[in-house]
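The values are calculated or read from the model by the stated rules, or taken from the named source; none is laboratory data. This one's a predicted model, so the numbers in the text were calculated from it and none came from an experiment. With ideal geometry, Cβ positions are generated from the backbone for all residues, glycine too; neighbour counts draw on all protein chains shown. The accessibility values were calculated without ligands, DNA or RNA, using every heavy atom of the protein model including side chains. Shrake-Rupley method; radii C 1.70, N 1.55, O 1.52, S 1.80 Å.
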Amino acid sequence: MNGNFVVMVADGRHTGYASAICEEMSSSAKARGTGIARRTPEYIATKILEGKAVIALTTEGQWAGFCYIETWSHDEYVANSGLIVSPVFRKSGLAKQIKQKIFELSRTKYPDAKIFGLTTGLAVMKINSDLGYEPVTYSELTQDDAFWAGCKSCVNYDILTSKDRKNCLCTAMLYDPQDHYKPEETAAQFSKKKKAHERLLSIKRIRLLKPFRKKQTQKV
């Protein structure tokens, strides 16, 4: 138990939460102005039954957060996908607890896999850094077409394809079990370079979005 939450590996008892999880994933992505691979309740339920998901519940049994595992390139890469916290429980530290649990589950199930993620937020970057992830170029991620196809539902997909999948608004982060710094080292580096990361995200947003905004204006 963590605070007022129980964070655990999901199982068959939790498939009933799948619809609520999908709905919150979709509405959260719209609110951020970004996109994630759209998933159905059936897909989420399958991840739960496979033992590839983490769920957070309140001590009263209310759904509070969720995340699941996907594998790519013949299990060479693992992505901790669909991290979501119910709006009621945000800014409670729950996201970090869920990320820690899904990271541990990934390391247990796929000890030799590289664990990666894409994010547009500094908060998630910090959580990843605390776990030992490092910022990397897109070329260091899986090149599995099936993974990148999941970005089609993102409003920024045209930017990704225009850059030949080498850049976009998201920051790529990777944990390589064969070659990595200690979590305290990556956490310290992120803290030291936080302002630089913030500026980079801002610059990237301006430079990458500008050409597409011009096109939209011309169409109008």
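General remarks:
- Any hit, the stretch 53-68, residues being outside any strand (DSSP E or B), surrounded by 14 or more Cβ atoms within 10 Å (Cβ to Cβ), more than 14 Å from the chain's Cα centre (by Cα) and β-branched (Val, Ile, Thr): no
- Which numbered condition Gly121 fails, given (1) surrounded by 21 or more Cβ atoms within 10 Å (Cβ to Cβ); (2) within 30 Å of Lys195 (Cα to Cα): (1)
- Within the stretch 75-102, being buried (at least 20 other Cβ atoms within 10 Å of the Cβ) and free of Cβ contacts under 8 Å to residues at least 40 places away in the same chain holds for Val78, Asn80, Val85, Ala95, Lys99.
- Test result for Ala45, open to solvent by less than 60 Å² (accessible area, probe 1.4 Å), part of a helix (DSSP H, G or I) and either at pLDDT 95 or above or closer than 23 Å to Ser153 by Cβ (or both): yes
- Evaluating Ser129 against the criteria (1) among the polar types (S, T, N, Q); (2) within 24 Å of Ala10 (Cβ to Cβ); (3) buried (at least 18 other Cβ atoms within 10 Å of the Cβ) leaves one unmet condition, (2).
- Taking the stretch 94-209 as the region of interest, the strands (runs of 3 or more DSSP E) fully inside it that hold 3 or more residues being touching a Gly at 6+ places or on another chain (Cβ under 9 Å) are 171-175.
- Residue that is among the acidic types (Asp, Glu) and touching a helix residue (DSSP H, G or I) at 6+ places or on another chain (Cβ under 8 Å), where the choices are Asp75, Asp164, Asp130: Asp130
- Subset of the stretch 7-36 [open to solvent by 50 Å² or more (accessible area, probe 1.4 Å) and modelled with pLDDT under 90]: Ser26, Ser27, Lys30, Ala31, Arg32, Ile36
- For Ser28, the conditions (1) in contact with a Leu (Cβ under 7 Å, 6 or more places away or on another chain); (2) part of a helix (DSSP H, G or I) are fulfilled apart from (1).
- Which listed residue, of Lys204, Lys182, Lys195, is touching a residue at least 12 places away in the same chain (Cβ under 8 Å) and over 20 Å from the mean Cα position of the chain (by Cα): Lys182
- Residue within the stretch 177-197 that is more than 29 Å from Leu94 (Cβ to Cβ) and surrounded by 16 or more Cβ atoms within 10 Å (Cβ to Cβ) present: no
Residue-by-condition table, conditions (1) at pLDDT 90 or above; (2) at negative phi:
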| position | (1), (2) |
| --- | --- |
| Asn128 | yes, yes |
| Arg165 | yes, no |
| Ala172 | yes, yes |
| Lys194 | no, yes |
| Glu198 | no, yes |
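- Of the residues Thr161, Thr142, the single one that is over 21 Å from Ala113 (Cβ atoms) and of a type in the set (Ser, Thr, Tyr) is Thr161.
- Just one residue in the set Thr108, Thr120 is of a type in the set (Ser, Thr, Tyr) and free of Cβ contacts under 8 Å to residues at least 24 places away in the same chain; that residue is Thr108.
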